[in-house]
Amino acid sequence: MCAHVVVAEDDAKQAELIRRYLEHESHGVTLVRDGRAALEEIRRRLPDLLVLDVMMPGLDGLDVCRTIRSEAGLEGLPVLMLTARSTEDDLLLGLDLGADDYLTKPFSPRELMARIRSLLRRSARTRAATGAEGGAPGGDLLTVGPVTVDPARHEVWAHGTRISCTPGEFRLLEVLAGRPGQVFTRSQILERLHGFDRYITTRTVDVHVMNLRRKIEEDPRRPVCLVTVYGVGYKLSDDRRQVRSGDVRREP
């Protein structure tokens with residue numbers, strides 16, 4: 001699979017190392033040194049993947065990711081973040097802003113390439129499954145309460161309105177909507193999102209859930225669709241009565 005990858009990295013040696021590994025696997029590479037240049041490049045020609053360093057001059061990687069996820073035409077771009085920050089809070093912040101994966105420095109180039117291959121495969125499957133654009137959902141749909149997931153078009157509708165989801169958020173909803181009412185543990189969801197990956201923690205699931213509730217729930221602090229089963233995990237439910245039954249407590 002030959003892809004066009006934009007690498008936004010201000011460390012020249014690091015950028016050159018990544019370029020060599022990508023070109024060794026026959027990918028086309030564009031190097032940029034700061035966040036503003038990254039946005040200009042991906043707006044000029046949408047790549048297949050963005051490898052994005054967090055610590056860059058001018059506009060940092062977090063701001064770039066935030067812009068991408070809010071800008072029409074760019075929101076579906078796969079983003080792999082690189083950072084020297086290694087705390088869990090930093091990792092969750094990157095995912096919260098819509099990064100699809102996150103790798104801390106120093107990293108193994110082989111590990112980086114494995115992550116890139118995985119993201120490109122997932123992105124290729126999504127493009128292959130996406131037929132028509134726009135319009136109302138159609139085909140084989142997964143509908144639970146006010147939420148409809150359209151796997152063929154890679155679209156999500158909530159309360160009759162199409163919403164924008166990151167690939168991770170979409171996959172989580174797709175998993176839950178495929179088994180309405182079934183409770184999935186965080187580990188089970190995580191396995192379906194990323195496979196067995198020692199760098200991603202189960203708190204990643206909580207971040208996706210929090211972001212999705214902002215998009216699909218009428219009151220994200222009192223969710224009635226994407227609900228928590230305390231001590232177990234999450235499920236997608238259309239039983240709105242459970243809020244009054246005490247099964248679901250107010251979210252922190």
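The values are calculated or read from the model by the stated rules, or taken from the named source; none is laboratory data. Treat the numbers as computed from the prediction; the structure is a model and nothing was measured. Because the Cβ atoms are built from the backbone with ideal geometry, glycine has one as well, and the counts that use them run over all protein chains shown. Remember, those area values only see protein heavy atoms, side chains included, never the ligands or the DNA or RNA. Shrake-Rupley method; radii C 1.70, N 1.55, O 1.52, S 1.80 Å.
Kindly state, to the nearest 0.05, the FRET efficiency for E191 paired with E25, given R0 = 25 Å and r defined as their beta-carbon distance.
Once rounded, the FRET efficiency stands at 0.40.
Assuming R0 = 30 Å, can you tell me the calculated FRET efficiency for the pair D140 and R66, based on Cβ-Cβ distance, to the nearest 0.05?
Computed FRET efficiency for D140 and R66 comes out at 0.35.
Lysines near K13 by alpha-carbon distance under 21 Å, same-chain residues fewer than 8 away left out - which ones?
K105
Using a 1.4 angstrom probe on the protein heavy atoms only, could you order E25, E218 from most to least accessible area?
My answer, sorted largest first, is E218, E25.
If each residue of separation counts as 0.36 nm, what is the full-extension length gain between D219 and D11 once their alpha-carbon separation is subtracted?
This chain segment gains 70.5 nm when fully extended.
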